[in-house]
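The values are calculated or read from the model by the stated rules, or taken from the named source; none is laboratory data. The structure displayed is predicted, hence computed values, not measured ones. So basically every Cβ, Gly included, is an ideal-geometry build from the backbone, and we count neighbours across all protein chains shown. Side chains included, ligands, DNA and RNA excluded: accessible areas come from the protein's heavy atoms. Shrake-Rupley method; radii C 1.70, N 1.55, O 1.52, S 1.80 Å.
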Amino acid sequence: PLKLRGLCYREQPGLDEELLKKDLKRFKEAGVNYLRSLFYPFSSQLLGLCDQEGILVCQSASAFSVGRSGPPTQDLPDCRDLYAGQFSELVRELRSHVSSLLISPGTECVWGSNFRVCASMARELAPELLLAFSYPMTIPAADLQPDVWCVQYVDWKQPFDVMYDHMEIGHANGSENEAGYVTGHARRQEKPVLHDLYAPLPFCNRDEIERDYGIHEFWGESIWRFQRKMEETPGALGGSVLG
């Protein structure tokens, strides 16, 4: 059994290889075994370093919030070649890296025919890769389904094996659960739940976190509680800290 102890990592373009190695070694010392790309894919250089360090990777295409705050291009025929072209490059690159575990056509997007083309391509060209998609609840039941169910921003008091519908999430008075969330959830499937983004850190205040040990300990304890619960929950695959 494998639990993913991960981070969302934004690789800075053109970063020196030695600095990347330093980051990866620091992550491994902290028990991290998984990195998720955020907003844009990892470079071949970083994927190669993850191969060397034994860190698993989720490679996500650079499609963010399509059909939500971004333009609804998910079904436009004029955009199909753009979707398929960049995604085929990701799939072909990932096939040559032992660190490759998951691939996702988009982050926080509404499903559509262009994403279906990408997902079908992944299944055909690299069937060994697990397919992810957020938000999976926008995929019709009769359509191509991902291998894992991505959820985001779940409170650690909530169950970690529930396939939540995060198109419908928010705080509400009189909610039926301890955390005060209102969420729908999928009942039609059973698959591993991946906590795609959790524990959004105040990473903009990095100097303050390093300087103030009270804040440092607070966030460390919070992440540890979340991770420990994932380790103990059958059906929870693991996840990646946002930050």
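How much length is gained if the chain between S88 and K229 is pulled fully straight, taking 0.36 nm per residue apart and subtracting their Cα-Cα distance, in nm to one decimal?
Going from the current span to full extension adds 47.1 nm.
Exceeding 28 Å between C-alpha atoms, which entries from my cross-link table qualify? They are K25/K157; K25/K229; K22/K157; K157/K191; K3/K157; K22/K191.
K25/K157; K22/K157; K22/K191
With springs connecting C-alpha atoms under 10 Å apart, model the chain as a Gaussian network and identify which of M121, M137, M163 has the largest mean-square fluctuation.
So, out of M121, M137, M163, the one fluctuating most is M121.
Could you work out the Rg to Rh ratio of the stretch 51-129, with Rh taken as the Kirkwood radius (inverse of the mean 1/r over all Cα pairs)?
Checking Rg against Rh, the ratio lands at 1.00.
Expected output is a single nm value to one decimal: the length gained when fully extending between L19 and E53, i.e. 0.36 nm times separation in residues minus the C-alpha distance. What is it?
10.8 nm
Provide the gained length on full extension for the span S69 to S222, in nm with one decimal, where the gain is 0.36 nm per separating residue minus the Cα-Cα distance.
52.1 nm
Can you give me the % of accessible surface on the chain that is carbon or sulfur? Probe 1.4 Å, all protein chains present, nothing else counted.
Carbon and sulfur together cover 53 percent of it.
Roughly what would the spin-label model give for D212 and E190, points 7 Å off Cα along C-beta, in nm?
The modelled label-to-label distance comes out at 4.6 nm.
For L56, which sequence-distant residues (separation of 5 or more, or a different chain) have an amide H within less than 5 Å of its own amide H, given hydrogens modelled in the peptide plane?
Residues meeting the criterion, in which the H sits 1.01 Å from N, are Y34, L35.
Along the stretch 216-222, what does the Karplus equation 6.51 cos²θ - 1.76 cosθ + 1.60 (θ = phi - 60°) give for ³J(HN,Hα), rounded to whole Hz, x for Gly and Pro?
Working through the residues one at a time gives 4, 5, 4, 6, x, 5, 4 Hz.
Per the Debye formula with a single identical scatterer at each Cα and no solvent contribution, what log10 I(q)/I(0) holds for the stretch 1-102 at q = 0.11 Å⁻¹?
Values returned for q = 0.11 Å⁻¹ are -0.38.
On average, how much accessible surface per residue is there in the chain, in Å², for a 1.4 Å probe, leaving out ligands, DNA and RNA?
50 Å²
Per residue Cα convex hull volume for the chain, in cubic angstrom?
143 Å³
Quick one: what are the phi-derived ³J(HN,Hα) couplings along the stretch 28-42, Karplus 6.51/-1.76/1.60 with θ = phi - 60°, whole Hz, x for glycine and proline?
4, 4, 8, x, 6, 10, 7, 10, 10, 6, 10, 6, 8, x, 6
Quick one: Karplus J couplings for the stretch 113-130, per residue in order, coefficients 6.51, -1.76, 1.60, θ = phi - 60°, nearest Hz, x for Gly and Pro?
5, 5, 5, 4, 4, 5, 5, 5, 5, 4, 5, 7, 8, 9, x, 6, 7, 7
Taking just the C-alpha trace of the stretch 46-86, give me its Rg and Dmax in Å.
Just the Cα atoms of the stretch 46-86 yield Rg and Dmax of 14.8, 41 Å.
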